[in-house]
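For reference, the structure discussed in these notes is given below.
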Amino acid sequence: MKKPVASTVDHPYSARDRLLEAADELFYREGIHAVGIDRVIARADVAKASLYNIFGNKDGLITAYLRRRHEQRQEWIGRALERYDGPADKILAVFDALHERLSLPDSRGCAFVNAGSEGQFFGAVAETSAEYRGWIRDLFAQLATDAGAADPDTLAAQLQLLYDGAAVSRRMDGTADGARAAKAAAATLLDAAIPAAA
């Protein structure tokens, strides 16, 4: 017997929202290559045509999933930055925010690192990861400039390495302690690059 089509009463969210929720859960937990679109469609409880009409194909869904992760990261880092006035304090606040996120029970590290480590790095994953990495690097560079660093681009690159390392540590070691260590190392870098931050 054919399964009846679910009504909008059963699903208060749009098909797009449900597909993204399902993709976020499954891709992040199991990997973008390990999860086929049929599983995402079944979890979202939508027709297969909905995925193709909304996202075009699996690459389109992957791109939307990673962009959603990027937007969420911008939001929680933004909230952390609002707690402080000084640019050096804001830099350290980024690592506090990272620690909070990595401490969540379902955290598996950085969605971009995880997706990029699954195979050849090209297409939707590479493009979306480049957008995210450019944003976090530019954020660190702007804050370093505002704090008076003599070489803000170099400092930003160093801070990004610490940030990335903490996320990888969460996945590899199963603990958020790496974010605390990264924050301490960032403070040392700031003391050396920005004398007023000491």
Taking into account only those residues within segment 166-198 that are at pLDDT 95 or above and not aliphatic (A, V, I, L, M), which is farthest from His99 (Cα to Cα)? Thr188
Among the residues of segment 131-149, are any more than 22 Å from Glu100 (Cβ to Cβ) and not in a helix (DSSP H, G or I)? yes
Checking Ala23, Ala34 in turn, the sole residue that is outside any helix (DSSP H, G or I) and either aliphatic (A, V, I, L, M) or at pLDDT 95 or above (or both) turns out to be Ala34
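Let's see how each residue does on (1) in the same structural domain as Tyr52 (by TED's automatic domain parsing); (2) modelled with pLDDT under 95; (3) closer than 17 Å to Asp146 by Cα:
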{"residue": "Glu75", "(1), (2), (3)": "no, no, no"}
{"residue": "Arg79", "(1), (2), (3)": "no, no, no"}
{"residue": "Glu82", "(1), (2), (3)": "no, no, yes"}
{"residue": "Asp85", "(1), (2), (3)": "no, yes, yes"}
{"residue": "Asp89", "(1), (2), (3)": "no, no, yes"}
{"residue": "Leu92", "(1), (2), (3)": "no, no, yes"}
{"residue": "Asp96", "(1), (2), (3)": "no, no, no"}
{"residue": "Arg101", "(1), (2), (3)": "no, yes, no"}
{"residue": "Leu104", "(1), (2), (3)": "no, yes, no"}
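Let's see how each residue does on (1) surrounded by fewer than 20 Cβ atoms within 10 Å (Cβ to Cβ); (2) closer than 20 Å to Tyr65 by Cα:
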| residue | (1), (2) |
| --- | --- |
| Val94 | no, no |
| Ser103 | yes, no |
| Phe122 | yes, yes |
| Ile136 | no, yes |
| Asp146 | yes, no |
| Gln160 | yes, no |
| Arg171 | yes, yes |
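The values are calculated or read from the model by the stated rules, or taken from the named source; none is laboratory data. Predicted, not measured: the structure shown is a model, and the values here were computed from it. We place every Cβ from the backbone using ideal geometry, glycine too, and count neighbours over all the protein chains shown.
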